[in-house]
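J.: Just dropping this structure here.
The values are calculated or read from the model by the stated rules, or taken from the named source; none is laboratory data. Worth saying up front: this structure is predicted, and the values here are computed from it rather than measured. Because the Cβ atoms are built from the backbone with ideal geometry, glycine has one as well, and the counts that use them run over all protein chains shown. Ligands, DNA and RNA are excluded from the accessible area calculation, which covers all protein heavy atoms including side chains. Shrake-Rupley method; radii C 1.70, N 1.55, O 1.52, S 1.80 Å.
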Amino acid sequence: MAEPLPFPAHEVLIDGRWRDSASGERLPLLNPSDGSVLAEIARGDAADIDAAVAAAQGALDGDWGRLNAAERGRLLMAMGRAVLTQVDQLAHLEALDVGKPLKQGRADAVALARYLEFYGGAADKVMGETIPYLNGYTALTWREPHGVTGHIVPWNYPMQIIGRSVGAALAMGNACVLKPAEEACLTALALGRIAQQCGLPAGALNIVPGLGEEAGAALTAHAGVKHLSFTGSVATGRRVQAAAAQNTVPVTLELGGKSPQLVFADADLDAALPYLVNAGIQNAGQTCSAGSRILVERARFDEVVERLAHRYRTLRVGPALADLDLGPLISKRQHGIVSRYLDLARESGLPIAAQGAIAADAPPGGFYVQPTLVAGVPAAHALAQEEIFGPVTVVIAFGDEADAVRIANGTPYGLVAGVWTRDGSRALRLARALKCGQVFVNNYGAGGGVELPFGGVGASGHGREKGFEALYGFSALKTVAILHG
Ligand code: NAD
């Protein structure tokens, strides 16, 4: 018999109150490690979104809107401290819900705390400018909150994604309506409880779980929402942007990627290898910034593949609570998608260089897949072009620097890139030449880095979250020109 959850998971949080969805409908939440029903969550819909937007507007017009920047920051920092006292509990929830190994869930919880600390500390440090203007005028700028902001987050990193978007939005004085993913929303609900315990005014953060096409679509279409932050698939991102256009509201889209790691012959391989492996398998490869394409200079191709393969053969997959290298995939659907790519690799005759193993005692109902290294993949092949969102890493050979850049930039995506070289000039040339939002030289963040602005170009989306940049995205600049003679 599974342990009961520390709170009822089937409620929405609106205006500081936990209650059933307006329809009373619920959705099952599955444990990806064994496929069992873990809990029921609310099936929020347009009526709940309507109430949540009204509550957020009420908070802006009331207690939340009256706080000054330092007071908002203090509340966020209190939430960050509270998260730090519950790292193990949050990691446990994420293990049950997302199938994430405990150590990875702990890292996510600490990152959530860091976002809350960072944005709490930044809340009263966002300043405007005075502008030299015509004689007799004083011209200045300041930043104002958009108002009610909508946050649609996926299932892969709920804590980190909520931290970076809701944290920044609250710091700037917006009031939030959060729609977590139907596949995983327990840590979102836990954060709602933490916010209440820390005294966040009612309505500043409202949480409405539900289906994307119901609660999510209602949020994107709501005329009372003045900014939308979306993380997820390209297809849904386009829908979100189209809906936002109807209300002419700004959108931040954090979509997928097929991020390359470029390994030159002069690279320090001992330093690179742990990153090359981890960036492909972290969270079972379900990471938008996964380093899922490893591009290797031909002179060292065989050596790199051999060393990667050696490590891949040692990788172990199993239930999240067993805390192995990888847990299961999030769902049967995701398992089907990744399995089809592995079938395609075999049908195309691509060399499977190595695979990890699924633990013998992994429950048969879990959504497990072996981490797989596919070597010598042509750059135009679907496995080298499409986001698989599973632990499948392809290795591609390149000739010279120009070839490497052409292959690296040769997908519709542009989120992150890694460069491994001891040549400083080359590192700088590549940092400029790579079409993406973040470049890591001789390291790879896999989406980490609370302080580092993050976001993509092309099919990876637009707008930036994380770092100070997010605070600009979650506010509108107002210019004031005063004629005083
Ligand atoms: P998705 O884009 O469908 O879902 C992400 C979020 O959007 C969820 O909260 C969902 O409920 C919501 N949503 C879905 N349809 C919506 C709609 N019409 N209007 C508003 N909100 C809506 O992603 P998914 O179905 O969970 O995964 C599909 C693929 O997306 C994956 O295979 C993966 O490639 C990609 N993905 C990327 C990321 C990322 O971080 N970039 C995260 C999750 C999934």
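J.: Got a sec? Which of G136, G105, G99 is open to solvent by less than 40 Å² (accessible area, probe 1.4 Å), in contact (Cβ under 8 Å) with a residue 60 or more places away in the chain, more than 22 Å from R72 (Cβ to Cβ) and touching a Pro at 6+ places or on another chain (Cβ under 8 Å)?
T.: None of the others qualify; the one that does is G99.
J.: Quick one: is G128 within 23 Å of N68 (Cβ to Cβ) and open to solvent by less than 10 Å² (accessible area, probe 1.4 Å)?
T.: Spelling it out, it is not the case that G128 is within 23 Å of N68 (Cβ to Cβ) and open to solvent by less than 10 Å² (accessible area, probe 1.4 Å).
J.: Check off (1) closer than 30 Å to G414 by Cα; (2) more than 16 Å from the ligand (Cβ to nearest atom); (3) open to solvent by 10 Å² or more (accessible area, probe 1.4 Å) for F264 and give me the number that stays unchecked.
T.: With respect to (1) closer than 30 Å to G414 by Cα; (2) more than 16 Å from the ligand (Cβ to nearest atom); (3) open to solvent by 10 Å² or more (accessible area, probe 1.4 Å), F264 is out only on (3).
J.: Among the residues of the stretch 182-197, write down those that are within 16 Å of A59 (Cα to Cα) and either open to solvent by 10 Å² or more (accessible area, probe 1.4 Å) or within 14 Å of the ligand (Cβ to nearest atom) (or both).
T.: Within the stretch 182-197, Q196 is the sole residue that qualifies.
J.: How many residues are open to solvent by less than 50 Å² (accessible area, probe 1.4 Å) and free of Cβ contacts under 8 Å to residues at least 24 places away in the same chain if we restrict to the stretch 313-342?
T.: Of the residues in the stretch 313-342, 1 are open to solvent by less than 50 Å² (accessible area, probe 1.4 Å) and free of Cβ contacts under 8 Å to residues at least 24 places away in the same chain.
J.: Continuing with the same structure: Hey, can you tell me all the residues within the stretch 431-477 that are of a type in the set (F, W, Y), out of contact with any Leu (no Cβ under 9 Å at 6 or more places or on another chain) and within 26 Å of G410 (Cβ to Cβ)?
T.: Across the stretch 431-477, the qualifying residue is only F440.
J.: Where in the stretch 363-441 are the strands (runs of 3 or more DSSP E), entirely inside, with at least 3 residues that are within 16 Å of the ligand (Cβ to nearest atom), in contact (Cβ under 8 Å) with a residue 40 or more places away in the chain and open to solvent by less than 40 Å² (accessible area, probe 1.4 Å)?
T.: Once the strands (runs of 3 or more DSSP E) in the stretch 363-441 are filtered for at least 3 residues that are within 16 Å of the ligand (Cβ to nearest atom), in contact (Cβ under 8 Å) with a residue 40 or more places away in the chain and open to solvent by less than 40 Å² (accessible area, probe 1.4 Å), what remains is 392-398.
J.: Let me ask something additional. Testing G256 on (1) more than 23 Å from E401 (Cα to Cα); (2) surrounded by fewer than 23 Cβ atoms within 10 Å (Cβ to Cβ), one condition comes back false. Which one is that?
T.: The failed condition is (2).
J.: Mind listing whichever residues of the stretch 141-181 are more than 15 Å from the ligand (Cβ to nearest atom) and part of a helix (DSSP H, G or I)?
T.: G167, A168, A169, L170, A171
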